[in-house]
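Inspection log for the structure reproduced underneath, given as structure tokens.
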Amino acid sequence: MTYVKRIICLANSFKTNGRCIAGREVLVQGYGGWIRPVSERNTAEVSFSEYRHEDNQSPKLLDIMDVPLLKPDPKHHQTENHLIDKSLRWVRVGELPWGKLPQLRDRPVTLWINSDHTYTGAFNCISQAEAATQHDSLALIRPETFAVEVGSSTRDGRTKKTYRGNFRYNGTYYSLSLTDPVACEAFKPKDAGEYPLSDAYLCVSLTEPYDKDGRCHKLVAAIFTNPPL
């Protein structure tokens, strides 16, 4: 049976051939836990036809929206997942003011387990065995420092720009892939280098295991600044 959850959009990030959208539930009094609407696809991403609002627009960060769902669909450490009812449209009902964002802030001691990294990252991945000990996969944090790093990578003779979020949180330095499409578009015209942002909040996410290396990766799924990027 379909039920509707009202959530504040705290991530609308690239994932496979669609998006990973997530947010905190809006309750009568205050805010509830995280919710990640997912599809029945093996990789769980939602497509534009499934997540678009009634005005045919994509959810923006801080949108308040009603999302029709069918059932909780937790998968390992991604306990926040709920299966969408793809027959019904999502409805935008408002927007969270910037001044209320601190009320949604999470304060984990670390970002899951700090044990491993890729060639270009810092504490940006963990093993499946380590992920199995975790009970959540989303957090909204305020780092001590933050910068977007614009770089490039070449594969099969083709070079493309890359984007990372480099930051310090609770004294630990992290360098994570950036999957926020709005932020990537904002920094697309920039030359290679680091671009500091002050007073930023980040939505960070812990993925399912990647096919390439079998590890679960930490991502910067959304960047919040005032004014927005």
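Annotation: of all residues in region 1-31 being of a type outside the set (A, V, I, L, M, F, W, C) and loosely packed, with under 13 Cβ neighbours inside 10 Å, the one that is nearest to residue 163 (Cα to Cα) is 16.
In summary, strands (runs of 3 or more DSSP E) completely within region 1-110 and bearing 2 or more residues that are modelled with pLDDT of 95 or more and of a type in the set (D, E, K, R) occur at 3-15, 18-26, 63-72, 91-95.
Taken residue by residue, region 171-180 has at least one member that is modelled with pLDDT of 95 or more, closer than 15 Å to residue 112 by Cα and out of contact with any strand residue (DSSP E or B) (no Cβ under 9 Å at 6 or more places or on another chain). Of all residues in region 140-160, those satisfying the criterion of being under 20 Å from the mean Cα position of the chain (by Cα) and either under 20 Å from residue 226 (Cβ atoms) or of a type in the set (Lys, Arg) (or both) are 140, 141, 142, 143, 144, 145, 146, 147, 148.
Within 17 Å of the chain's Cα centre (by Cα), over 26 Å from residue 217 (Cβ atoms) and not acidic (Asp, Glu) - does that describe any residue in region 22-38? Checked region 22-38: no residue is within 17 Å of the chain's Cα centre (by Cα), over 26 Å from residue 217 (Cβ atoms) and not acidic (Asp, Glu).
Scanning region 35-49 for residues that are farther than 11 Å from residue 74 by Cβ and surrounded by 17 or more Cβ atoms within 10 Å (Cβ to Cβ) yields 35, 37, 39, 44, 45, 46.
Just to verify a result, which residue in region 95-121, among those that are over 30 Å from residue 58 (Cβ atoms) and more than 18 Å from the chain's Cα centre (by Cα), is surrounded by the fewest Cβ atoms within 10 Å (Cβ to Cβ)? So, considering only residues that are over 30 Å from residue 58 (Cβ atoms) and more than 18 Å from the chain's Cα centre (by Cα), the one surrounded by the fewest Cβ atoms within 10 Å (Cβ to Cβ) is 119.
Among the residues of region 40-83, those identified as within 17 Å of residue 137 (Cβ to Cβ) and under 16 Å from the mean Cα position of the chain (by Cα) are 43, 44, 45, 46, 77, 78, 79, 80, 81, 82.
The values are calculated or read from the model by the stated rules, or taken from the named source; none is laboratory data. Since this is a predicted model, take the numbers as computed values, not measurements. Cβ: placed from backbone, ideal geometry, glycine included. Neighbour counts: every protein chain shown.
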